Every structure is written in structure tokens, then in C-alpha cells.
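Report on the following structure.
The values are calculated or read from the model by the stated rules, or taken from the named source; none is laboratory data. Not measured: the values here are computed from a predicted model. Here the Cβ positions follow ideal geometry from the backbone for every residue, glycine too, while neighbour counts run over all protein chains shown. Ligands, DNA and RNA are stripped out before the accessible areas are found, and what is left, the full protein with its side chains, is counted by its heavy atoms. Shrake-Rupley method; radii C 1.70, N 1.55, O 1.52, S 1.80 Å.
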Amino acid sequence: MRVYVYSVLWQGKWRCRFTLDWRVDVRYWFSQAVANGVRENSSHADVTNERCAPELWITTCCIPLGTAVDVVGQWGESRLEVQRLVKLMQDAEPGILDWFGRECIQVRRIGVEEVWREIGIGVIEEHRKGKLEGEGGILKESLWSDAVWKQMKDESDLLAAQISGRALLANEVQELMAAAGLDHAVAYWRTLAQLAYIRGQVKLLSGITTRSLGQFSLLRRQRELQCLRCGSSAAQHHRTACAACGNPGCAYCEACLAMGRSRRCALLVHGTAVHNAGASAAGVARAAERAPATEPAARWRLSEAQHDASRAALHFLQQPSAAAAAAPSFLLWAVTGAGKTEMIFPLIAYTLERGQHVLIATPRRDVVLELAPRLAQAFPEHRLVTLYGGSEERWTAGDITLSTTHQLMRFYHKFDVVIVDELDAFPYHNNELLQYAARKACKPEGKFIFLSATPPEPMQREVRRGRLPHAKVPVRFHRHPLPVPQRLTIKPLRHYLENKTLPKSLLHQLSRSVERGAQLFLFITRIKQTEAFVQLLRHYFPVITIEGTSSEDKERGEKVTRFRNGQSRMLVTTTILERGVTIPKSDVFIIDADSALFDAASLVQMAGRAGRSKDDPAGHVLFCAAEWNRAQRLAVRQIVGMNRIARRQGYLLPTDTERSS
Ligand SMILES: [Zn+2]
Ligand SMILES: [Zn+2]
């Protein structure tokens, strides 16, 4: 996209802007002169009452959006002039003069005295001849009448209200308009967006923008590109020839490409949240009356451990945000099987009672789909919006938003409370993108709640240093301790697959699990070993059903369903199933547990598959490996540590000996 850049003298001060539709700006800044011109009554112009700038300087041709955004950001309070404009354009886009004609960079003056003459006749003529770029829309052959101008303002108000809290690319703005009953106005969306921008209701940005590397003067001049949608830096941008701006090397973002193409010259619209202070105050008052309803245990039937943690998180939400603190966060560190979902219900209720927006975000789509019916059931009187790739509700507004983390890129300062589930479920390099998106989706004064059974190491460090408020839920909902992994020393799986035998010690443990009627998770590190391992197991256990699956398996869904239904007894799998699949009576075998591919978090998650049911709370977990390494030690230490805390706090059920004594 290309846009005009101008500066306007208003109340004695020059302001620099860019425009998607220059007619809007001329009409806005020269409101009185234009209106009088339309009425052909310019002699009675009362320039003191209505908005009427004395002069405006504008480029005579459009310049690429990304460059224009930078120029406007740098310009300051002076009149637009060519020499500095050329310099700033080169700063913004080095080498721009190689493909953008220097002779095109001109500015022209529009004075109040010539607005009607120039704009009313001259510019319109040029527009008709195609010399000036602008959108058709309402304007046919004449300037907008007052009635049309008013109608456009109303429509732009509607658009701004819809965009509020969102971050959208141009095509998404159009989709949103069509979904919001503004489909008739899609043809002149640029006009309405410009009107909303100039009245401060939306921010117009470029998808990829420059940021300075530091605050010190030396660094401030070094600038690098950043994608404003996902936060990625230049390393993840590619350059292609671009018809929209004419740049033979226009940067686009590879990191968030799945969500549409964010470009150096692509418009990104941020809706400035409309703060409804009145409604919020009323909500707070109502919430105060209903305070007992948010007493977690009573309303949501929480266990004692869940209740204590939930109340600590509620207390955190009730604290006023310190102005200086960036994004206050709270960690709910809950062991696998603790019942995290129930614990967030009181937090959601608290937020809703204040008339605020709450977001529950998780990296995994299957968690979204599983959580949606439970939330809908828990909060039947509130509108729930569920967002994931391909979701039908992309443009629906709701009280509770449940979303995969990728969909967060379409939000901007929308939510008062952001609950992030399993932030650690994806590798760390992805987390940067997701954290950026989550921070952007949250209001500046909003708060974060993180849920995890295995918080990432930086977060654990913050906990140890006392910098991150948190609550631990060290016990499962059934109040039995977590199964502690046992060590089984065997050679690497590769060795046994080559020799087509399994060691006696492993066979003994497998038989024991089969005989006690458990289902077995067998985690391995390499997808290509799956089939051979399954064959070998079938050789030893011919009468039971054994299957194998991985991320590359097209039948994974069916196989997991068969395993869930108990139709298969052993499932050989990679870490793809380390979370999510819960089997009532199951044992866990982690083969090659000393592999560098398994970190402590992964081991804890896999171990967490066992002992989930109150009828079989003590499943077996075996770390099968040649070496006993740091990750295994850390995992065991974490599990034992949680059990110890649970015992100390009296969360565990009394054991038989305790009961009899
Ligand atoms: Zn471009
Ligand atoms: Zn991006």
C-alpha cells in the first residue's frame, strides 16, 4: 500500500500525518471552508468557530506505507519540505531512491483560500484523470455534502467500535466490516479507517516497522525491522518484489504467515480500546455485593488445595496494578491431574462480575476444543467465543474468549485478565512469539495468570527469587501422591531393535503392568523406531493389541481413540502424547529416558500420564535408560518435592497406617 504524507498547521502547531484517503483529511482540517464551498457560500466562512486550518502541505504522490509511517513518526512539529523528506525516506528504507523516482518526491501547499477552488474543482479533476489516488466510495463527482460527511462519521464510529481491542490487516478489516453489518461500506473502508484514525479512534501502522535498538544516541540511530503483529525480528523476514508499494525487496514476515501476510507496506490497524468506566464501576459495585459468590470452594466445589491456590490467585487479581509494573503476573503451578480448569473458574467469574474481558489462551487446539463445553456450562449467562484456526467465530464479540495462542495476534489491548494455559507446551523459540502476542492482547493495566505443571526454567527462577507471585497445587484432585518414577537400567532402544530382542528386566516390568490390567504408554524418542518397536512388542505379547503413533501418523486420531476406549493395551508414541490423553488405569514407560530430546519438563509431563484416576492412583512410571542424567534427576526431584509439600500441608489422604494409628 502507498499513502500520502502531509503536515497541517493547526492551532499554531504543525502536525504530520499520512493518509489513506486525502479527501478525508482535507475535509477534516478545512471543515468550515469545505462546507461553505459545498454550499457555494464561501464568502461567509467563519473560520474561528469550525475546524479550519490555514494551510496544509502534502506529497504530490503516494509513498510506500512503511516508509510513510517512519517519516511521520520522525517528522516532529515542522512544515513538510522536500529535502528532509528525502532524507527520512532514505533512513526508513535504505536504497529507496534506486527504485522510487527522486523527482516524484514533491510537496504542494493547500491553503484555506484555495480549498474550495483547488479541492472542489482542480483536485477532483486530477482525481478523475487518475493523477491523484483516492478511493471511490461515496464520492462520485463532487465533494461530500454535510449529510454524507455525517453519515460517514457515524459509520466510522461503528467501524472503530468493532476494531476496538483488535489488531487487523487490511483484508481482515474488510472481513470484519462484512461480518458486522457494514458490508455496504467495504468499498470505501479506507475512507472510514482514515476518518477513525484522524479522530484518534484507531492507530494506523505498518505490519513490519522499524524500531531503534537502544536508548543511547549511538544505538538509537541503528534501527532494525520488527513485525508488529508477532514481534519477530529481521531474521524471520523475507523480501520479495511487491506490486502494492513498488519495492523490489519489500519485507514480509515468515513467522506469522499462517495468519496472513504482514508486510513492510501492509496496513495494520490497532483499535484503541473504548474504556467504559461507568459500566466497570457498576460492575465493581455489583461484584462487591456478590462477594461470597466468588468464595471459590463454595461455588465451584473445589478441593482444599484447589481452593487455597484459587484464592491466592483471586487475591492477586484484587490488588490494584502498580502503575510502574509491566504486566503483573501470577503463576498457578499445579501438578498434572490437579484439576486446573476448575481453579480458573473463580477467576473468570471475578472478572466477568466486573464487566471486564477475560481471555483463556493455550497453545493447543485440542485443549481449546475440550475446554469450550466446560466453560459454556460453567458460565451459561455469558457469551463465549472460541477461536482457533478455521473457527467460525473469528469476528464475534464475547465476554469470555477462549483461543489458541496464534489467534491472539488479532487482538490489541483487549483483555483485563489473560489466563495462559500450558505456555510451556511449545518449544521456547515459539514462546517468544506467543508471549509477544499475549502481552499485546492484554490491556496495559491488565493482569496475567499462567498455568503450568512444568513452568519454563526462567519462570521457576523468578519463583525462587521471590519475584513472581505464585501458588503451588502440589496434589492431584484425588489427594493421592504423584507416582515417583523408578529407574530401570537398559541399553539404548536402538541396540534391542537391531538384535530383535528385549531385555528380561524390561519384559518383566511390561508383563507386570499387563497382568495388573493397566494400559501402557511407551514413550520413545525417534519416530522411525515406532514400527520396529511395535513389531518386537507384538512378538512378546501376541494376545494383546499394540499400536504405535507419532506426529507423522495420519491415523493418530483413530489410534488414540482406540487407546482411550481400551481397545488397544499398549501405545508406542513420541512426546506428541505427553499431554492431553488421560487413561484411568495406566503405566508409563519412558524408553531412552536419558535422551537429550527429553528435558525435565517433558519427563514430568509423561510421568503425569500415570495414576490419574482415584481408582488407580499409584500407576507405575519407569525411566528406562543406560544413564541417569540431570533431566531425570530434576524430574524426580520436582515430583518428590511436590509430594512432600502436599504431605506437609495436609492435602494428602491419610495412608492406611496413619488411619489405623
Ligand atoms: Zn510492499
Ligand atoms: Zn509476524
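Annotation for E432 and S212: the two label points, set 7 Å from Cα along the Cα-Cβ direction, are 2.2 nm apart.
Per 0.36 nm of contour for each residue apart, how much would the distance between E254 and D146 grow if the chain were fully extended, relative to their Cα-Cα spacing?
Gain in length upon complete extension: 34.4 nm.
So if R0 is 22 Å, what FRET efficiency would Q649 and A312 give, r being the distance between their Cβ atoms, rounded to the nearest 0.05? Using R0 = 22 Å, I get an efficiency of 0.95. Note on D91 and R108: the model spin-label points, each 7 Å out from Cα along the C-beta direction, lie 2.8 nm apart. Accessible surface calculations at 1.4 Å, restricted to protein heavy atoms, place segment 486-657 at 48 Å² per residue.
Placing one equal scatterer on every Cα of segment 334-403 and applying the Debye formula, the log10 ratio I(q)/I(0) at q = 0.16 Å⁻¹ is -0.54. With a Förster radius of 22 Å applied to the beta-carbon distance between Q83 and R223, the computed FRET efficiency rounds to 0.60.
Is any residue of segment 584-613 close enough, with backbone N under 11 Å, to a label point placed 7 angstrom from the Cα of R479 along the Cα-Cβ axis, and if so, which? The answer is none, because no backbone nitrogen lies closer than 11 Å to the label point. All Cα-Cα distances of segment 538-630, cut into 10 Å bins from zero to the largest, leave 15, 46, 34, 5 percent in each bin in turn. Annotation for segment 474-568: GluC sites (Glu not before Pro) lying in DSSP loop with at most 12 further Cβ atoms inside 10 Å of their Cβ are E552, E555. Extension gain, V463 to A327, is 47.4 nm, computed as 0.36 nm per intervening residue step minus the present C-alpha separation.
Working from label points 7 Å from Cα in the Cα-to-Cβ sense, the E304 to K500 distance is 5.8 nm.
Filter the cross-link list K340/K472; K340/K554; K203/K440; K153/K443 down to pairs whose alpha-carbon distance in this structure exceeds 19 Å. Listed pairs above 19 Å: K340/K554; K153/K443.
Given the Cα-Cα distance of E393 and D615 and 0.36 nm per residue of separation, how much length would full extension add, in nm?
So the extension gain works out to 76.0 nm.
Shown are T405, T582, whose ranking by accessible area with a 1.4 Å probe and every protein chain present, most to least, is T582, T405.
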